[in-house]
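One structure is given below, encoded as structure tokens.
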Amino acid sequence: MLFEDEAHIRDDQAMGAAWTLCGKQKKIKTTGRHAAAILMGTVAPATGDVIVKEYEESTANTFHQFLEVTLHRYPDKRIYRILDNAKIHHAQVLGPVLADHPARHLLFLPPYSPNLNNVERLWKWLREKVILHTYFPDLAAIKTAIQRFLRFLKGVPIEIRSRLCRLPGDTKKN
């Protein structure tokens with residue numbers, strides 16, 4: 001089972017909760033531009049396996065390319081892909097790739113239910129570790145930070161699993 005979604009990691013310097021001196025406001029420099037790194041990702045909570053690719057745009061064609069990437073990762077497996085109802089996930093261009101791979105199934109979440117998509121927790125983790133309270137002078141710097149985070153993920157499948165789902169013997173709630 002794979003959870004899939006897209007993320008736009010923007011360069012508009014995200015702020016979150018932070019400690020500051022009483023009466024002082026935290027300030028982060030900004031570029032004033034609104035560029036974004038566009039990511040498509042999938043996660044297998046059972047194994048902690050993550051696939052994330054960057055694209056120039058989020059279209060049915062790029063989603064089709066991303067489907068092909070995941071098909072190559074799991075060539076002989078029955079795959080159930082859980083995703084939201086974005087228009088690109090219902091595009092006609094996907095018909096041939098799904099017809100050619102009958103063991104690949106797209107399962108759509110109910111509208112307005114991102115809390116049911118485990119990959120959203122991965123995007124939240126990425127945003128917390130990469131962009132929260134951080135100034136990036138340009139989009140290239142954001143992309144470099146994202147790639148560093150994705151390299152980090154390759155070595156922590158158990159942490160990925162623990163952030164995305166309950167592990168056997170785990171009593172805390174996500």
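We did not get these values from a lab; they are worked out from the coordinates using the rules stated. This is a predicted model, so every value here is computed, not measured. Cβ: placed from backbone, ideal geometry, glycine included. Neighbour counts: every protein chain shown.
General observations
- For LEU2, the residues whose amide H sits under 5 Å from its own are TYR80, ARG81, ILE82, ignoring neighbours fewer than 5 places away on the same chain, with H placed 1.01 Å from N.
- Which listed pairs, of LYS24/LYS154; LYS24/LYS143; LYS77/LYS143; LYS24/LYS124; LYS24/LYS53, have C-alpha distances above 29 Å, in listed order: LYS24/LYS154; LYS24/LYS143; LYS77/LYS143; LYS24/LYS53
- Relative contact order for region 40-166: 31 percent, from Cα pairs under 8 Å spaced at least 6 residues apart, divided by residue count.
- Summed residue charge, Cβ within 12 Å of GLU68's Cβ, Lys/Arg positive, Asp/Glu negative: +2
- Extension gain for the segment LEU116 to GLU68, taken as residue separation times 0.36 nm less the Cα-Cα distance, is 14.9 nm to one decimal.
- Working note: Karplus 6.51/-1.76/1.60 with θ = phi - 60° gives region 155-165 the couplings x, 10, x, 5, 5, 4, 4, 5, 7, 9, 7 Hz, where Gly and Pro are set to x.
- Counting 0.36 nm for each residue step from LEU106 to ASP76 and taking away their Cα separation leaves a gain of 9.1 nm.
- GLN147-ALA46 FRET efficiency (beta carbon distance; Förster radius 30 Å; 0.05 resolution): 0.75
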